[in-house]
1. Would you mind stating whether Thr80 is more than 30 Å from Thr4 (Cβ to Cβ), modelled with pLDDT of 95 or more, buried (at least 19 other Cβ atoms within 10 Å of the Cβ) and not acidic (Asp, Glu)?
2. Please pick out the residue among Leu234, Leu257, Leu201 that is assigned to a helix (DSSP H, G or I) and either surrounded by fewer than 24 Cβ atoms within 10 Å (Cβ to Cβ) or more than 20 Å from the chain's Cα centre (by Cα) (or both).
3. Mind listing whichever residues of region 95-120 are over 26 Å from Gly247 (Cα atoms) and either of a type in the set (Ser, Thr, Tyr) or in a loop (DSSP other than H, G, I, E, B) (or both)?
4. Only one of (1) of a type in the set (A, V, I, L, M, F, W, C); (2) modelled with pLDDT of 90 or more; (3) out of contact with any strand residue (DSSP E or B) (no Cβ under 6 Å at 6 or more places or on another chain) fails for Leu237. Which number is that?
5. Considering region 135-163 alone, what residues qualify as being more than 17 Å from Phe70 (Cβ to Cβ), part of a helix (DSSP H, G or I) and of a type in the set (Ser, Thr, Tyr)?
6. Looking for something of a type in the set (Phe, Trp, Tyr), assigned to a helix (DSSP H, G or I) and either modelled with pLDDT of 90 or more or under 30 Å from Pro61 (Cβ atoms) (or both) - is there at least one such residue anywhere in region 121-130?
7. Pairs only if they're at least six apart or on different chains, beta carbon under 7 angstrom, first in region 207-221 and in contact (Cβ under 8 Å) with a residue 24 or more places away in the chain, second part of a strand (DSSP E or B) and buried (at least 21 other Cβ atoms within 10 Å of the Cβ); list them, first residue then second.
8. For region 98-131, enumerate the residues that are closer than 24 Å to Leu75 by Cβ, under 22 Å from the mean Cα position of the chain (by Cα) and aliphatic (A, V, I, L, M).
Amino acid sequence: MSLTLLTQQLINALSLGSIYALLALGLAVVFSVLGLLNFAYGEIVTVTSYGVVLCVAAGAPLFLAVVVGFTLGALTSLVTEAVAFRPMRRAPAYAVVFSSFAVAVIIQATIRNVISPRPQGIAVPAWLDRVLSLGTIRVPVLSLITIAIAAVAMVALSALLQRSRHGIAMQAAAQDFQATRLMGAKAGNLIRLAFLISGVLAAVAGLLWVMRVGSATPGMGFTPLLQAFVAVVLGGLGNLRGAVAGGFALAFLEVSLQVFLPNSLVPFVQAITLTLIIVLLYFRPHGFGRRVEGRLA
């Protein structure tokens, strides 16, 4: 493999890994506090994408469309907490899982019946489709923007968790929720904060995702949910740094397979990727990270 091709694929992997890392972080934040996975998580990406697509189709400037999509995504996460998780805090874990699944189904059905079951395309601005030439290396502008936005988002989250009172309380809750409550932290506030952070990260990933794929569909949230779940498991459930590492590892594996596999096998990249991960998890059930046991309030 030439140095040029290697650099191109490295940029592709970093761009895709940035989205996966954001998605995995959002899923891991909620798990670290509640000890449960939010199976309506992919619908945050869906709602965000539709917010952007419909605003652009209505003639709104891209900046306004992004703001609307971002806001809808964050609100969807908070509504999911209020509808699917808050009333079920004392219910068995399986009941909460089914509750979040129900929210996902309701959102998908609403989009199909109110908007359309067909894909809704977005007219991506020309400057986002530009490709920069750095010698023999061609770098898509969207890839650079994706990497930069993801880096800023992860640095901002790290600062929030390390330097703010609420962030430190969330980290403590991830270790021992009951002890954190006894020290004066309000459980409801911590859970809502976790869902807000999760929604913001998923909304950012959703904005980048819809620009990448160029359209929105009612069931588009399944793939981001699956990739986030795989990345979280790879990094160790509830381990935020592990979730980021898992996201990038998953992306590098996918891109490597696309490069090295014969053309006849390229359509099966995701299937082969998941098979390899299953084999890996057979030998390392907790992935490469240290699993953090979440607690249900």
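1. Working: more than 30 Å from Thr4 (Cβ to Cβ): yes; modelled with pLDDT of 95 or more: no; buried (at least 19 other Cβ atoms within 10 Å of the Cβ): yes; not acidic (Asp, Glu): yes.
Considered against the rule, which asks whether it is more than 30 Å from Thr4 (Cβ to Cβ), modelled with pLDDT of 95 or more, buried (at least 19 other Cβ atoms within 10 Å of the Cβ) and not acidic (Asp, Glu), Thr80 comes out as no.
2. Of Leu234, Leu257, Leu201, the one residue that is assigned to a helix (DSSP H, G or I) and either surrounded by fewer than 24 Cβ atoms within 10 Å (Cβ to Cβ) or more than 20 Å from the chain's Cα centre (by Cα) (or both) is Leu257.
3. Ser99, Thr110, Ile115, Ser116, Pro117, Arg118, Pro119, listed by residue number.
4. The single condition Leu237 does not satisfy is (2).
5. Ser143, Ser158
6. Filtering region 121-130 for residues of a type in the set (Phe, Trp, Tyr) gives 127.
Pick out the ones that are also assigned to a helix (DSSP H, G or I) and you get 127.
Among the residues that remain, those that are also either modelled with pLDDT of 90 or more or under 30 Å from Pro61 (Cβ atoms) (or both) are: 127.
Yes, region 121-130 has at least one match.
7. Val210/Ala216
8. Correct list: Ala102, Val103, Ala104, Val105, Ile106, Ile107, Ala109, Ile111, Ile122.
The values are calculated or read from the model by the stated rules, or taken from the named source; none is laboratory data. Since this is a predicted model, take the numbers as computed values, not measurements. Please note: Cβ atoms are built from the backbone with ideal geometry, for glycine as well, and neighbour counts cover all protein chains shown.
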